[in-house]
Structures are given as C-alpha cells and as structure tokens.
C-alpha cells in the first residue's frame, strides 16, 4: 500500500512540475544526496538478492539520469567539506559502493569511468586478502540455485541428507546451519571455501565456473591498486565487516582495515561506512578516537549542515527501486513522502574469523 501511494504521489508531483521546482530550490541545493550501492550483478545475483544487487543496465540508466538532470557529482571528501561550509553546488550527489566486490571492478567502474563520475568504495579487506567467495553468501547463492526442490545430499556435509529448498526461510535455515558448522569446527577461510565447494558438488553446481567468474568475491589488492591509481577513492568498512560492541575490538577493525587500504592504495582512509548499516551511540567516540572524519549509514535521507557527520544518511539504491523513485530522490521530493526506515540488519559481506587464523565464533 505504501509503495503504491508513493509511486502515485511521485507521478502526480512530477506531472505538476514539482520535481524540477524542487531540484532547483535553495532547500535542495543546501543538501547532499549520498547514493549507496552494494553489488552489480555479473550473472543472476540480482534475481537472487534484488535488495543487494542491481543489474548493470539499470545502473547505466541511473548514471544517465544523473547526467540528464545536471547533478553535480562530487568526490565524497569534497562533498562533505562543501556541505560543512555550506558551499554545495546545485543538485549535489556523491556515489558510494559498499564492500568492494569484484563486480564493482568488472561491472560498475567501466560505467562510472565512461560518465566521468567520481566514486567512493567502502572496502572491507579480509576477503581481499584470502581471495575466496564470502562464505555465507556463496552458500545462500548455491542453495538458491536449486530453489523449489527437495535435494538429497550425498555425501553428507554435517547436515540432514534431505534438504528442503522450496522456501527462502528453509534455505536460510540451512545457511545458518552451515555457518554454525564452520564456526563449531573453527574452519579457516580455506576450509570454509572447501566446504562451499562440497555443497556445490552435492547440489550439482559447477563451483569452478563460479570461482572463475569471481561471483561473490572481493577485489584483490592489485585491482585496488589499479583503480586507486585511476582515481577511485577507497575508504573504511572494517577489516572483517563487523562492528564489535567492545571498544578495543571495534578500533582494531578500523586500524586493520586502514592499514591494508593504505598499504594497497598509498592513500589515507578517513571516511567510514557502518557494516550492514548498523550503528550504535557507543561507536561515535571510538570513531573520533580513530580520527574518522565522516561515517555513513543506510538510513534514507539527504545530508544537511545540521547532520551529524558520523551518522550521515544515504539513499540505498537497489534493483527493487523504480526509476521514478530514484528521480524523486535526485530532485529532493521523495524524502518528503512516507517511507520505511533504512535497513539496520543483514546486508552483504560475512562476519569472518580473525585474520590468518581459524574462527572462534561468527558474529553473524
């Protein structure tokens, strides 16, 4: 009901000319729209998780709309500095990608380069080092491939031999069982990948082909170096994509993440994105102590001079968002309409075991 109301309202407002009026208003021009993307599908990931992945052609449509609407697409650091000093150009936008998947390198960056738009990637680094698919995601993806079926698994993988994959809830239950199994046995990243390979074999899926396509893998250090040299801005997203509630562990995540990024890119990393969009009040002083200049959430909104720089809103664009809704965000109209709060839970990359060692316990 809410989606239907919003769409009808936006269509009426556009027909009345209020999109253009809002886009050119002083109110809009004193605000920054930070766009958030996660993945750009290499194969069928957008059908598997449309709330996480967008198709490449849809991303191109978005970028073309930024150009057609004469948006000022700014580098994140520049945008935040201009916001704080009230010097934003008209219709300001910053583009961000979370996690730093290989799909960004293959699918997103060529489009951004074509349009000449700057971009910031909030890069988590553990799986960049270990070069495996993200474990819980690849398990979910494999089980989804056999959706609608009841599969007899042989040889056994520590799960019931008969897996009911007919509903999303049942598939995610088996994912949770696999993660629990890996945590219980303290499997390393390599051993988790081997378990995912065994699952693929049991499901009759060519795992080697998925590995060759780099689906659900992160960019590697040499790819980060290449893109950084071309001007891509890499910023903090924690090393293991997790936000511990203990200060020492939280700050360790920032420091490890920063050390890897600075080693690979040669650039200082001072901006942060909360993993999964989850943030707590306790995190803010810890970020200040780690000299973090800004932090973005997945809460929808436009940033203004009144925004706390450590809790900046973003519009999370996905394969489920209609073009009209996106256009409404560019104009500054959509934020005025009723909307559900942003996600503060499951989003993208797995919580992973400590660096170079076996897992003690997953926080996922």
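What number of residues in the range 258-297 are in a loop (DSSP other than H, G, I, E, B), in contact with a helix residue (DSSP H, G or I) (Cβ under 9 Å, 6 or more places away or on another chain) and farther than 26 Å from residue 220 by Cβ? I'd like the intermediate steps shown before the answer.
The initial filter retains those residues of the range 258-297 that are in a loop (DSSP other than H, G, I, E, B), namely 266-270, 274, 278-282, 290-293, 297.
Filter again for in contact with a helix residue (DSSP H, G or I) (Cβ under 9 Å, 6 or more places away or on another chain), leaving 266-270, 274, 282, 290, 292-293, 297.
From the residues that got through so far, the ones that are farther than 26 Å from residue 220 by Cβ too are 282, 293, 297.
Summing the residues that are in a loop (DSSP other than H, G, I, E, B), in contact with a helix residue (DSSP H, G or I) (Cβ under 9 Å, 6 or more places away or on another chain) and farther than 26 Å from residue 220 by Cβ in the range 258-297 gives 3.
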inquiry  = Residues to consider are 301, 319; find the one that is in contact (Cβ under 8 Å) with a residue 60 or more places away in the chain, farther than 23 Å from residue 269 by Cα, assigned to a loop (DSSP other than H, G, I, E, B) and within 21 Å of the chain's Cα centre (by Cα).
reply    = 319
inquiry  = Any residue at all in the range 111-119 that's within 27 Å of residue 172 (Cα to Cα) and either modelled with pLDDT of 95 or more or under 18 Å from the mean Cα position of the chain (by Cα) (or both)?
reply    = no
task = Kindly establish whether residue 157 is farther than 24 Å from residue 124 by Cβ, touching a helix residue (DSSP H, G or I) at 6+ places or on another chain (Cβ under 9 Å) and surrounded by 14 or more Cβ atoms within 10 Å (Cβ to Cβ).
result = yes
task = Kindly indicate whether residue 202 is in the same structural domain as residue 152 (by TED's automatic domain parsing), farther than 15 Å from residue 134 by Cβ and touching a residue at least 24 places away in the same chain (Cβ under 8 Å).
result = yes
ask   = Quick one: which helices (runs of 4 or more DSSP H) sit completely within the range 1-97 and have at least 3 residues that are touching a residue at least 12 places away in the same chain (Cβ under 8 Å) and surrounded by 13 or more Cβ atoms within 10 Å (Cβ to Cβ)?
value = 2-15, 18-23, 45-48, 56-68, 76-84
request  = Go through the residues of the range 322-333 one by one and say whether even a single one is outside any helix (DSSP H, G or I), surrounded by fewer than 18 Cβ atoms within 10 Å (Cβ to Cβ) and under 21 Å from the mean Cα position of the chain (by Cα).
outcome  = yes
key: Tally of residues being within 18 Å of the chain's Cα centre (by Cα) and over 21 Å from residue 300 (Cα atoms) across the range 14-45   = 5
task = For the range 105-164, please list each of the strands (runs of 3 or more DSSP E) lying entirely inside it that holds at least 2 residues being touching a residue at least 12 places away in the same chain (Cβ under 8 Å) and within 19 Å of residue 228 (Cβ to Cβ).
result = 120-123
ask   = residue 124 versus (1) at pLDDT 95 or above; (2) surrounded by fewer than 19 Cβ atoms within 10 Å (Cβ to Cβ): which is the lone unmet condition?
value = (2)
key: Hey, residue 195 over 28 Å from residue 237 (Cβ atoms) and either crowded, with 17+ Cβ neighbours inside 10 Å or modelled with pLDDT of 95 or more (or both) or not   = no
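The values are calculated or read from the model by the stated rules, or taken from the named source; none is laboratory data. Just so it is clear, the structure is predicted and the values come from calculations on it, not from any experiment. Virtual Cβ from ideal backbone geometry, glycine too; neighbours counted across all protein chains shown.
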